[in-house]
Amino acid sequence: MNKFAQQVWAEIVSNKKVGAYHHMVFAVGELAKHAKPGNFVAISVGGGDSSMVLRRAFAIYRTFDRGVNGGLLEIVVAPHGSGSTWLTNQSPGFKVDLIAPLGTSFGIPTQPVRALLVGGGYGSAPLFGLSEVLKNRGCRVDMILGASTAKKIYAPLDGKRTVSSMTITTEDGTTGITGKVTDVLANIIETNEIDIVYSCGPMGMLEATSAISSQLGVMHQCAVEEAMACGIGVCMTCVLPIRGEDGQIRMVRSCIDGPVVDGASVIWGSKRMIPEGTWGAK
Amino acid sequence: MNKFAQQVWAEIVSNKKVGAYHHMVFAVGELAKHAKPGNFVAISVGGGDSSMVLRRAFAIYRTFDRGVNGGLLEIVVAPHGSGSTWLTNQSPGFKVDLIAPLGTSFGIPTQPVRALLVGGGYGSAPLFGLSEVLKNRGCRVDMILGASTAKKIYAPLDGKRTVSSMTITTEDGTTGITGKVTDVLANIIETNEIDIVYSCGPMGMLEATSAISSQLGVMHQCAVEEAMACGIGVCMTCVLPIRGEDGQIRMVRSCIDGPVVDGASVIWGSKRMIPEGTWGAK
Amino acid sequence: MFNFSTNVGGAEFSNPIFTASGCAGSGKELSQFFDISRLGAIVTKSIMIKPRSGRATPRMAETPSGMLNSIGLQGPGIDQFLAIDVAWLREQGVKIIVSIAGESVEDYAVLARKLRSVPGISALEVNISCPNVENRGQVFACHPKTARAAIEAVRRNVGGELPIIAKLTPDVTSIVEIAEEVIAAGADALALINTVLGMVIDTNTMRPKLAGKTGGLSGPAIRPIAVRAIYQIHEAMPHVKILGMGGVTSGRSALELILAGASAISVGTATFGDPTAAMKIKDELEKELIAHGFDSVREAVGYAHRDEGNL
Amino acid sequence: MFNFSTNVGGAEFSNPIFTASGCAGSGKELSQFFDISRLGAIVTKSIMIKPRSGRATPRMAETPSGMLNSIGLQGPGIDQFLAIDVAWLREQGVKIIVSIAGESVEDYAVLARKLRSVPGISALEVNISCPNVENRGQVFACHPKTARAAIEAVRRNVGGELPIIAKLTPDVTSIVEIAEEVIAAGADALALINTVLGMVIDTNTMRPKLAGKTGGLSGPAIRPIAVRAIYQIHEAMPHVKILGMGGVTSGRSALELILAGASAISVGTATFGDPTAAMKIKDELEKELIAHGFDSVREAVGYAHRDEGNL
Ligand SMILES: Cc1cc2nc3c(=O)[nH]c(=O)nc-3n(C[C@H](O)[C@H](O)[C@H](O)COP(=O)(O)OP(=O)(O)OC[C@H]3O[C@@H](n4cnc5c(N)ncnc54)[C@H](O)[C@@H]3O)c2cc1C
Ligand SMILES: Cc1cc2nc3c(=O)[nH]c(=O)nc-3n(C[C@H](O)[C@H](O)[C@H](O)COP(=O)(O)OP(=O)(O)OC[C@H]3O[C@@H](n4cnc5c(N)ncnc54)[C@H](O)[C@@H]3O)c2cc1C
Ligand SMILES: Cc1cc2nc3c(=O)[nH]c(=O)nc-3n(C[C@H](O)[C@H](O)[C@H](O)COP(=O)(O)O)c2cc1C
Ligand SMILES: Cc1cc2nc3c(=O)[nH]c(=O)nc-3n(C[C@H](O)[C@H](O)[C@H](O)COP(=O)(O)O)c2cc1C
Ligand code: FES
Ligand code: FES
């Protein structure tokens, strides 16, 4: 549970198309200062008479605790289904019902380690704030971003400036290296003597990143994305199997004990099934 | 069945608050020229992901078969529940899915008779177009408009010009005579030697108007308002008991065999019941 | 070439998009908005032996993503219906599925006899599940015995020619049990689902909104119930053809019911929101099926039941 | 002075707005957004004897004006639940209704014995209607006999003190029949309704969206079904108190269920869309009741059943 979570009516300050995504800025007041990289927001979609009864979760891209509107909070939205499309269709001035900050954040090492940030699609969004924090702690930060195609790489200029190296992969080769982030991952981990990997993106990418990271013996924190009905820990829909420190696998809520989790603790490959030995499994 | 009915995407050309109502103008193209006083439109509300699955019906206030946008169609909307409120919140430039013209229209006498038009609340809207048509046929047109309060009297200036006399009643006395239209109705029918009464408004008003008209032996045409699911005759929700020329009472669809019906043919006072002797009643 | 034709209970149709009973008027009203011969079939409003006034008004209430209706089977009775409505439909070149409803087993027998030799009818839909009757006990499809009796009466009296599609209600403890019963009684196919019994109370008058108090819930709100019912029955008896319905508003939602096991789709409430809904759904469905790589609609029927391979 | 207090099965509550079982976490999560002691009561997630992992993911699918869930009763088991969750709730000064679920009649007996002497519990909600179990035959509330057996087991083992609220499913041919059975078996009140069995098929993967295939439909989509069930049961047994639920999202919709016959309201899915939903509903409901001229919520319970006078 993120103890700073607040529900506010947040005005859309800006909504700009960037490649395949919309970069959206909300005036959220003072809660902005409590948001940490990895946290997410939950936004009501569709308006009062909507048939959509559930909020949509979006990773926080950045927050600013200043500006004429008080705190600002930014997200990157891929218009996908009806909820995200509705959101990206709203204009500045419109107010949405928003809860933030939610969930866990990326753990920040106390030492100036070498970190590699791996983002897939809009999963890059929370990584730029993270890289800034890491930089300020004296870490060296490398980044790999991947997507199916160039338009789905979200890599703003000022974001790029915070990293020491940036590798881009696309499956169709429209920009950067042709392939997936995981094709270049092992090489970069070894060459740059990476200590910790942070990742955010599709579950398949997180799983592959986790496998490579543990093979090479580096730590891996990832922000998972499970379908969430409430975002605040009351519905139990967003669970994933995680091995606790006591060795016990439990179905853990990714909205309050995640989205950022230790990659090595996740029992990957267990979509649509409960892993054997899970607490309470039959 | 109104054989001119067409489904179009109609742009909102204007949306102005007038008293308790919104006067809304739509660019509807060539169908405007087929609309007759008494006809109505059926508009989809709420947008694509709305929980509202049914259209809303509105009496046509006026149409213009000209202007830069081609034909224009005007309605007067009372923001009431969620559908009408949504509609009145839409801005010019927005397009709605609209079907018009629907239903029957007021019968126009071939002789230059003396007509009295009785409107309750937004029920006045279709009467102004009617009065124009009647005027052009050489009829003398008087009008009574009533509502609970002044803000709910819809009587635009140019509309007033088409009538010989205009009596206004409000229940709270904020304008005109204190009382109901039916308090002054008999007197005006007799004084002005009215030949035919046309009415549109709440069902209670239509019923009372019908009683007075038949007592005084004048014809009465009224535009009824039954809850409609489809507006085009396919659902059978909008029926009301009407005595046909053969003397048989039938449950008749008010969307295609109405909304304008002969007041004397309606079996009034049969809300929530099937009148005895209705065709197919048990 | 993509093959859009389908088969329900032995009858062939050029495409799988039908109207739902009670949601297409006499056909005439819709023909103002599109050429109804482009429908796979028109399913007529359930007809009874005698003229019927239906229930008092108000007969409808909008609900979140749905509506309640309590029409109560208003109609002219079978004779006038055959003489006027069916005659007109036949002229239009649209396939006709006649829906019948009775108050007793004998009624079903009489209706079946009247329809036995009427030309130009593709199938009978036997509505044994209308919730808008005075007595809930009258809902034949609520109990295995009464469901069986009604279908048997139709089967015996209609002869072996006309396919029988039994229309069931989801308002039962086990719809599979009822389905097995009506198939055993001679139904060739099933229509799933009729409306769900519901009620709205008007918070202004503080009374039930409908004059008939309860009504049938339809529209997208009930689609998950329809998908579940169709899936359960296709799982239990994969050989039985299903005419699916309940909240279909788009090609995607039609596909959902087809993947669950429906061989054709009836479009009901969607038509009230949009007179051309059936045609839009038809076009969208064809595109969806092609985009998914199907060569025919038949391949997609029940496809969601295939073995779990690599998910 | 307006009297907002209510009574369910003999237990008194300061106001009629409760959380719905399984929709309020442990209470802690909500207490971040409002003071949970302002609730009439918190109804806890159905707890079983042993720890339970629940079903695999995906566990939810949004549907038109609703959602499907298939949590499958994930929880820590009764012992840990009493030691940690109930202990914490007691400290908050909120009335506690513990929901229990079993896989066998014996389970219900064991749970009842465990709860028998636990202090600070206002009532038991006995969930005999969870659709998210592997075997539909396990849904006790689907059959009179099994429903009776489960409730009898609880009654016998819990002693005469703790009110029993039996939670029923609308997925039955006659909910009144089941209700009569469980009241005869010793239930003091009824909770209506549990979710409706539904399914969504993902048109991209062309498979059921939920790992457990079927799930429970909740939210405004099912409100007309809830109102109907509550109305039917209040009509049949007006003396039996009902805890109503199903798609309540506003003071008006809460009022609708109360007019139908509910003495209190559980708020479920609405909380997912808005963590403070229960408090908003509470405030709106109070205003609605006062605006209608009621002096207490009790006067409004079942008011839609009053004789038809001048409508
Ligand atoms: C922690 C978290 C962070 C996220 N961050 C972002 C982000 O930064 N940018 C972005 O564009 N999107 C993000 N998403 C995904 C986003 O919440 C929506 O799921 C997505 O936009 C699709 O919603 P829709 O309304 O467009 O689609 P619909 O198909 O209409 O969604 C229907 C429902 O399914 C749920 N759903 C379906 N698939 C998924 C999935 N794979 N993951 C989660 N929920 C799903 C939706 O939440 C919704 O309730 C994030 C999700 C989570 C859980
Ligand atoms: C022939 C006809 C002409 C009309 N003309 C006008 C007009 O000129 N101006 C205007 O403001 N309104 C008019 N109405 C009423 C209008 O169609 C809506 O019913 C009204 O605006 C309430 O809808 P809502 O969405 O705001 O309310 P909601 O409460 O959200 O409506 C819910 C549903 O109930 C139906 N409904 C409820 N009460 C009625 C009723 N008394 N009559 C009809 N349907 C009802 C609605 O159509 C809708 O389907 C007319 C209705 C009909 C049938
Ligand atoms: C207004 C209305 C009238 C209906 N009349 C009938 C009928 O006469 N016979 C019948 O079998 N079903 C009738 N139905 C049920 C529909 O045929 C269909 O089964 C149901 O509405 C679900 O489909 P939908 O959600 O697409 O509307 C009616 C439904 C509505 C909404
Ligand atoms: C995610 C979720 C979990 C639920 N878990 C339970 C449960 O454990 N026990 C129970 O009796 N009901 C459970 N329910 C049912 C609700 O308590 C309630 O009966 C139903 O959702 C209808 O109310 P609503 O429309 O307000 O959500 C659950 C519902 C949801 C949506
Ligand atoms: S989304 Fe509800 S518990 Fe996580
Ligand atoms: S509104 Fe559907 S028949 Fe009249």
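Going by the conditions given, is residue D:237 surrounded by fewer than 23 Cβ atoms within 10 Å (Cβ to Cβ) and in contact (Cβ under 8 Å) with a residue 40 or more places away in the chain? Please lay out each step first, then the result.
Values: surrounded by fewer than 23 Cβ atoms within 10 Å (Cβ to Cβ): yes; in contact (Cβ under 8 Å) with a residue 40 or more places away in the chain: yes.
Answer is yes for this residue.
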When residue D:98 is run through (1) buried (at least 23 other Cβ atoms within 10 Å of the Cβ); (2) away from chain C (no Cβ under 14 Å); (3) within 30 Å of residue A:268 (Cβ to Cβ); (4) of a type outside the set (Lys, Arg), the failure sits at (3)
Considering (1) within 20 Å of residue A:77 (Cβ to Cβ); (2) in contact with a helix residue (DSSP H, G or I) (Cβ under 8 Å, 6 or more places away or on another chain), say which one residue A:198 fails and leave the rest. (1)
Single unsatisfied condition, residue B:86 versus (1) farther than 28 Å from residue B:213 by Cβ; (2) within 16 Å of ligand 6 (Cβ to nearest atom): (2)
Can you list residue pairs whose Cβ atoms sit under 6 Å apart, with the first residue in the stretch B:213-229 being without any contact (Cβ under 8 Å) to a residue 12 or more places away in the chain and within 11 Å of chain C (Cβ to nearest Cβ) and the second being in a loop (DSSP other than H, G, I, E, B) and away from ligand 4 (no atom under 16 Å from the Cβ)? Count only pairs 6 or more apart in sequence or on different chains. B:227/C:58
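Could you check the stretch B:211-229 and list, in sequence order, the residues that are assigned to a helix (DSSP H, G or I) and either buried (at least 21 other Cβ atoms within 10 Å of the Cβ) or within 16 Å of ligand 6 (Cβ to nearest atom) (or both)? Show your work before the answer.
At the first step, the residues of the stretch B:211-229 found to be assigned to a helix (DSSP H, G or I) are B:211-215.
Once the filter is applied, which keeps residues that are assigned to a helix (DSSP H, G or I) and either buried (at least 21 other Cβ atoms within 10 Å of the Cβ) or within 16 Å of ligand 6 (Cβ to nearest atom) (or both), the stretch B:211-229 yields only B:213.
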Criterion first (more than 30 Å from residue C:261 (Cβ to Cβ), within 16 Å of ligand 2 (Cβ to nearest atom) and at pLDDT below 95) does residue D:255 satisfy it? no
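State which residue is farthest from the other protein chains (Cβ to nearest Cβ) when the search covers only the stretch C:63-90 and only residues that are within 11 Å of ligand 3 (Cβ to nearest atom) and under 24 Å from residue C:274 (Cβ atoms). Explain how you work it out, then say what you get.
Quick first cut of the stretch C:63-90, residues within 11 Å of ligand 3 (Cβ to nearest atom) only: C:65-75.
Of the ones still in play, those that are also under 24 Å from residue C:274 (Cβ atoms) are C:65-71, C:74.
Numbers: C:65: 4, C:66: 6, C:67: 6, C:68: 6, C:69: 6, C:70: 9, C:71: 5, C:74: 5 Å.
Step by step, filter the stretch C:63-90, then rank; the result is C:70.
Could you tell me whether residue D:197 is in a strand (DSSP E or B), within 15 Å of residue D:128 (Cα to Cα), within 13 Å of another protein chain (Cβ to nearest Cβ) and in contact (Cβ under 8 Å) with a residue 24 or more places away in the chain?
Yes.
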Has the stretch C:71-88 got any residue that is over 21 Å from residue C:219 (Cα atoms) and of a type in the set (Asp, Glu)? yes
Out of all the residues in the stretch D:143-174, which are without any contact (Cβ under 8 Å) to a residue 60 or more places away in the chain, surrounded by fewer than 24 Cβ atoms within 10 Å (Cβ to Cβ) and closer than 20 Å to residue D:261 by Cβ? D:172, D:174
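Quick one: which residue in D:52, D:90 is among the basic types (Lys, Arg) and closer than 30 Å to residue D:143 by Cα? If you could, list the steps in order and put the result at the bottom.
Details: D:90 fails: closer than 30 Å to residue D:143 by Cα.
Exactly one of D:52, D:90 is among the basic types (Lys, Arg) and closer than 30 Å to residue D:143 by Cα, namely D:52.
Residue-by-condition table, conditions (1) crowded, with 19+ Cβ neighbours inside 10 Å; (2) in contact with a strand residue (DSSP E or B) (Cβ under 9 Å, 6 or more places away or on another chain); (3) within 12 Å of residue D:55 (Cα to Cα):
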residue: A:243; (1), (2), (3): no, yes, no
residue: A:246; (1), (2), (3): no, no, no
residue: A:253; (1), (2), (3): yes, yes, no
residue: A:258; (1), (2), (3): yes, yes, no
residue: A:263; (1), (2), (3): yes, yes, no
residue: A:269; (1), (2), (3): no, no, no
residue: A:282; (1), (2), (3): no, yes, yes
Out of the residues in the stretch D:19-39 that are within 12 Å of ligand 4 (Cβ to nearest atom) and closer than 19 Å to residue D:91 by Cβ, state the one that is farthest from the other protein chains (Cβ to nearest Cβ). D:19
Scanning the stretch D:61-108 for residues that are touching a helix residue (DSSP H, G or I) at 6+ places or on another chain (Cβ under 7 Å) and within 30 Å of residue C:227 (Cβ to Cβ) gives D:63, D:64, D:65, D:66, D:67, D:68, D:75, D:102, D:103
Inter-residue pairs, beta-carbon under 8 Å, first within 16 Å of ligand 1 (Cβ to nearest atom) and in the stretch C:60-85, second in a loop (DSSP other than H, G, I, E, B), 6+ apart: C:65/A:51; C:65/B:51; C:65/B:53; C:65/C:219; C:65/C:247; C:65/D:64; C:65/D:65
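Just a yes or no: is a residue in the stretch C:274-282 hydrophobic (A, V, I, L, M, F, W, C) and either at positive phi or within 16 Å of ligand 1 (Cβ to nearest atom) (or both)?
Our first condition is that a residue be hydrophobic (A, V, I, L, M, F, W, C); within the stretch C:274-282, this holds for C:277-279, C:281.
Applying the additional criterion that residues be either at positive phi or within 16 Å of ligand 1 (Cβ to nearest atom) (or both) yields none.
There is no residue in the stretch C:274-282 that is hydrophobic (A, V, I, L, M, F, W, C) and either at positive phi or within 16 Å of ligand 1 (Cβ to nearest atom) (or both).
Quick grid of which residues meet (1) in contact with a helix residue (DSSP H, G or I) (Cβ under 9 Å, 6 or more places away or on another chain); (2) over 29 Å from residue A:274 (Cα atoms); (3) away from chain C (no Cβ under 13 Å):
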site: D:155; (1), (2), (3): yes, yes, yes
site: D:161; (1), (2), (3): no, yes, yes
site: D:168; (1), (2), (3): yes, no, no
site: D:216; (1), (2), (3): no, no, no
site: D:232; (1), (2), (3): yes, yes, no
site: D:236; (1), (2), (3): yes, yes, no
site: D:265; (1), (2), (3): yes, yes, yes
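Within the stretch C:75-84, is there a residue that is at pLDDT 95 or above and buried (at least 24 other Cβ atoms within 10 Å of the Cβ)?
Just the residues of the stretch C:75-84 that are at pLDDT 95 or above, to begin with: C:75-84.
Next cut, buried (at least 24 other Cβ atoms within 10 Å of the Cβ) only: C:75.
Yes, there is a match, as at least one residue in the stretch C:75-84 is at pLDDT 95 or above and buried (at least 24 other Cβ atoms within 10 Å of the Cβ).
One residue is enough: does the stretch D:40-57 have a residue meeting the conditions within 14 Å of chain C (Cβ to nearest Cβ), touching a residue at least 24 places away in the same chain (Cβ under 8 Å) and either away from ligand 4 (no atom under 14 Å from the Cβ) or outside any helix (DSSP H, G or I) (or both)? So that I can check it myself, show each step before the final result.
The initial filter retains those residues of the stretch D:40-57 that are within 14 Å of chain C (Cβ to nearest Cβ), namely D:56-57.
Within this subset, residues satisfying the condition of being touching a residue at least 24 places away in the same chain (Cβ under 8 Å) are D:56-57.
With either away from ligand 4 (no atom under 14 Å from the Cβ) or outside any helix (DSSP H, G or I) (or both) added as a condition, the list becomes D:56-57.
Yes: the stretch D:40-57 contains one or more residues that are within 14 Å of chain C (Cβ to nearest Cβ), touching a residue at least 24 places away in the same chain (Cβ under 8 Å) and either away from ligand 4 (no atom under 14 Å from the Cβ) or outside any helix (DSSP H, G or I) (or both).
The values are calculated or read from the model by the stated rules, or taken from the named source; none is laboratory data. Bear in mind the structure is a predicted one, so any value in this text is a computation, not a measurement. Positions of Cβ are backbone-derived with ideal geometry, glycine not excepted, and every protein chain shown enters the neighbour counts.
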